[in-house]
Amino acid sequence: MKKLFLILISSLFLGCEKFELPSEPSVAGKWYFDDYRITVVRSINGETRLEDNITVIKTDTICINNFGQQSFVSGNILMKQNYNLTSVDRRFIRGVTTWDFDGPSQSTYFPLIINNDFNNDIDVKIPRPYLPNKYGDYIQTEMRVTNYVNGNVTNFTFTTDKFGAGYSRVMTLTSPYISTDLYLSSGQREKALTVFVTLIFKRN
């Protein structure tokens, strides 16, 4: 009887397989803002594609904000953002801005330190983990940045260059749509410009 019992136990162990759900890579630590892209999406009516009519002139700064400053140059509309009037969690300078996620590895909640200026009124939540889709790839997940001083909540999507337990060195955040009304020199509203901004952070 004892011999039969041991054989059954052995076969049970041989039939087991290890199954682990994929975990999201840790974003804890300091990230340096490296670059950005602006993508023009559509006009307000969703029909006129504006990509051929708009030239993006990149500078060292970008904001997750509308392009409220407009002027007319040689028959064209020049649109700018106001960096100084944009909250610290929505403005970025290439090679200068740092985001430090102050928390334990694999956390889904972080107080956010921006440029070594700790601010208890800004935090980051990652409400959804990385999950594989039916092709075995990984979908983007959310990163919610909340500024409790002015009430701003910015819902980014983000990806990193590593999955599972790997140490990621590149983090890409994609902003929500940003729409700005365009006005002619007469003051008449013509249409709206809609873009989204892709922010690229790196770390050593």
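Descriptive notes on the structure:
- PHE196 versus VAL40: modelled label distance in nm, points set 7 Å from Cα along the beta carbon direction: 1.8
- Counting Lys and Arg as +1 and Asp and Glu as -1 over every other residue whose Cβ lies under 12 Å from the Cβ of ASN150, the net charge comes to -1.
- Exposure proxy shown here: for THR159, THR97, the number of other Cβ atoms within 10 Å sets the order, fewest to most, as THR159, THR97.
- Applying 1/(1 + (r/R0)^6) with r as the Cβ-Cβ distance of ASN115 and SER71 and R0 = 30 angstrom yields a FRET efficiency of 0.50.
- At R0 = 30 Å, FRET efficiency that the Cβ-Cβ distance of ASN155 and THR55 yields, to 0.05: 0.60
- Applying a DSSP loop filter and a limit of 11 other Cβ atoms within 10 Å to the trypsin sites (Lys or Arg not before Pro) in the stretch 58-112 leaves LYS58.
No value in this document is a laboratory result; all are computed from the given coordinates. Just so it is clear, the model here is predicted, and its values are computed rather than measured. FYI the Cβ positions are ideal-geometry reconstructions off the backbone, even for glycines, and counts take in every protein chain you see.
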